[in-house]
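Undergrad: My questions will all concern the structure given below.
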Amino acid sequence: MKDNSSSQTRERFLSQVTALFGGLLSPDSWRGITILVLPLTLLALAAHCLFSEAAQITVTHLFINIIAVLGFYMFIGTSGVASFGHVAFMGIAAHIQALLTLDLSTKARLLPNLPPWLAHAQFDFIPALMLTVMIVGIFALIIGLPFCRMGDAATSIVTLCFLVAVYDILQVWNDFTRGVKIIYDIPHYCGIWEAFAFAIGTITIARLFKDSIIGLGLSVSAENRDAAEAIGINVPRLRLCAWIISAMVMAVAGCLLTHFLTIVNYSQFGISYAFCLLAMLIVGGVATVSGAVIGAAFWTLVMELLDMLAEGPVIGPIDLPEIHGVTALGTGIVLIAVMIWKRDGITGWHEIDTRLSRRWKTLTSSRQISDIDSSLPSNQLMRNQWDCLQVKDISKSFGGIQALRDVSLELQRGKIVGLIGPNGSGKTTLINVISGMLKANSGRVLLDDFDITDQPAHGVARSGIGRTFQSIKIFPHLSAFLNVLSGAVSPAAIMYKDYEARARKLLEQFKLSEYEHILAGNLPYGPQRSLEIARALALRPSFLLLDEPAAGMIRKETNQLTDVLIQISHIFDLGILVVDHDLPMIMKLCQQVVVLNEGQVIAKGTPGEIQDNPKVIEAYLGKKHTR
């Protein structure tokens, strides 16, 4: 028995590792890479064969900018968290690379106070770059551990402080960075083809990362963190992964910039450069790899034209004077104009290949919740490893307000239990405690005999509990298919290798197939509710918690939803806890009903017993209506 358990654990671990980075890769990924690589290849060839030396320098700088902007994208674009601090990684890498590749005599002249082990170290370009990137990655891991557990706004502010701190350290650390003086005579290892090769490699890594399961997990966490945790995603861990990878990409950009300019100084890596790179990402489109590339190209071209204008170019017989400040003014005007024209950037939320290959259909009618096709055996969709969910003596308070007092209930697999009560009685609070969104002050939550009371939300989801929310929490900027797939590939269900087929089957069963490629935020209300339930089912849960699934529905939609939930319970053999104010629906749907009032259980029983219970009548209608 122990050997079998160990074998299953190993199989699950290997399945997760294999799938995380390559689980969603498809021909679309490589098509998107090719669409970006081809014009850059033509540009590199044209620059090498036809352009002047000044133009070649501009193109080389463009390729380095692409790498740096993609470094920003791989954290900001995937996690949705703004960071100003990534330029600090470029500055750190640039100085380390300079110290590792400087000629020994030059190093002795410029930096005479270096420790002997560094003063006598000299590496070629590639070994030095690999060592620099590794050092930056380790540093990013150390500082990323606290950063990635902060709130979004706090992370943005702290990364800005991090950039300022690194900038100041580089400025005053004379022994290693030469302080305010420039480190020069760095070997010129980076020309147009070296920058091009690294840019192509970075584009490939960025797109494959985005289309991996880690990338999808980061995307859904950026859309809605609570919903992401409810499908088993450990948001801080994924953000830490993106933070490290993006820092290493920024290190590559810093190394290339150093060997392109052959000088390095702290002043290159300040707030102004960070805002410039962020502007490139914002203009192109924060959410896409192609947006990062297009934004870098567009902004580099704009900057070159404005710099030419500021220097007073000669246009035919007209010799224009120098115009001071035109670059700053012009970039501001261009940024505002692009944001008015394209609020989400030039590419918006879709990669170029997606826009070219997908035919969007205009929906003329709204689909409502329909019956589920029961032809698919439940064991192809569900895990069902637990038989009973027990809530024992749960209490929860917020300051001086007691939201729950010694609440207990039991949910058996294959049964539907209703949880009702007046507004403010603690129903949603109890759902949040069970699902790990809130921590109980006392009491326990058990799956059979396994205690999940102290599990975080993503841990509860991985244990076999799916949930929906009172206010629909879908991922609006992802397609309906990706919404369901995000549940199917979460750590709660990733060991099953049929996740794409399973996601499409769930779409089919909920009559959502026609919406497969439509952004979830554009779906009608009924299909959005269906989509949220389908995403929860994709986890293969043993139990499903539904928080007011019929809220906002008309009676016809509510009746259809009731039939759907009954079929779900039978087909998938899972326990369902339904919170709703629609008493006719609860009475028709549930085998047992639990009633909360003022945070306490005041009644349990069958629907018939609950309807005649004087305490329930009093809680809803007042004392004068009791018999």
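Undergrad: Considering only residues of the range 33-68 that are among the hydroxyl-bearing types (Ser, Thr, Tyr) and under 25 Å from residue 355 (Cβ atoms), which is modelled with the lowest pLDDT?
TA: The selected residue is 34.
Undergrad: Out of the range 50-72, which residues are more than 24 Å from the chain's Cα centre (by Cα) and either crowded, with 24+ Cβ neighbours inside 10 Å or in a helix (DSSP H, G or I) (or both)?
TA: 53, 54, 55, 56, 57, 58, 59, 60, 61, 62, 63, 64 - these are the residues of the range 50-72 that are more than 24 Å from the chain's Cα centre (by Cα) and either crowded, with 24+ Cβ neighbours inside 10 Å or in a helix (DSSP H, G or I) (or both).
Undergrad: Now a separate question. Does residue 438 meet the test of being surrounded by fewer than 22 Cβ atoms within 10 Å (Cβ to Cβ), under 28 Å from residue 391 (Cα atoms) and touching a Cys at 6+ places or on another chain (Cβ under 9 Å)?
TA: Judged against the criteria, residue 438 is not a match.
Undergrad: Find the residue count for the range 391-419, including only residues that are aliphatic (A, V, I, L, M) and closer than 16 Å to residue 448 by Cα.
TA: Selection size over the range 391-419: 3.
Undergrad: Looking at the range 249-274 only, could you name the residues that are surrounded by fewer than 20 Cβ atoms within 10 Å (Cβ to Cβ) and not polar (S, T, N, Q)?
TA: 261, 263, 270, 271, 273
Undergrad: Can you name the helices (runs of 4 or more DSSP H) wholly within the range 515-618 that have at least 2 residues being touching a residue at least 40 places away in the same chain (Cβ under 8 Å), within 30 Å of residue 406 (Cα to Cα) and in contact with a Gly (Cβ under 8 Å, 6 or more places away or on another chain)?
TA: 525-537, 583-589
Undergrad: Please verify whether residue 22 is at pLDDT below 90 and surrounded by 15 or more Cβ atoms within 10 Å (Cβ to Cβ), treating the condition exactly as stated.
TA: Taking the combined requirement at face value, the residue does not satisfy it.
Undergrad: Inspect all residues belonging to the range 176-192 and state whether any of them is closer than 27 Å to residue 352 by Cβ and in the same structural domain as residue 44 (by TED's automatic domain parsing).
TA: Yes.
Undergrad: Have a look at 270, 215, 291, 285 and point out the one that is closer than 30 Å to residue 461 by Cα and modelled with pLDDT under 95.
TA: 215
Undergrad: When you look at residue 277, is it over 19 Å from the mean Cα position of the chain (by Cα), assigned to a helix (DSSP H, G or I), buried (at least 20 other Cβ atoms within 10 Å of the Cβ) and in contact (Cβ under 8 Å) with a residue 12 or more places away in the chain, yes or no?
TA: Yes, satisfied.
Undergrad: What number of residues within the range 440-469 satisfy the criterion of being in contact with a Pro (Cβ under 9 Å, 6 or more places away or on another chain) and part of a loop (DSSP other than H, G, I, E, B)?
TA: Residues that pass the stated criteria total 2.
Undergrad: Take residue 232 and decide whether it is touching an Asp or Glu at 6+ places or on another chain (Cβ under 8 Å), touching a residue at least 40 places away in the same chain (Cβ under 8 Å) and over 19 Å from residue 196 (Cα atoms).
TA: So residue 232 fails the test.
The values are calculated or read from the model by the stated rules, or taken from the named source; none is laboratory data. Everything numeric here is computed off the predicted structure, so don't read it as measured data. Using ideal geometry, Cβ is built from the backbone for each residue, glycine included, and neighbour counts are taken over all protein chains shown.
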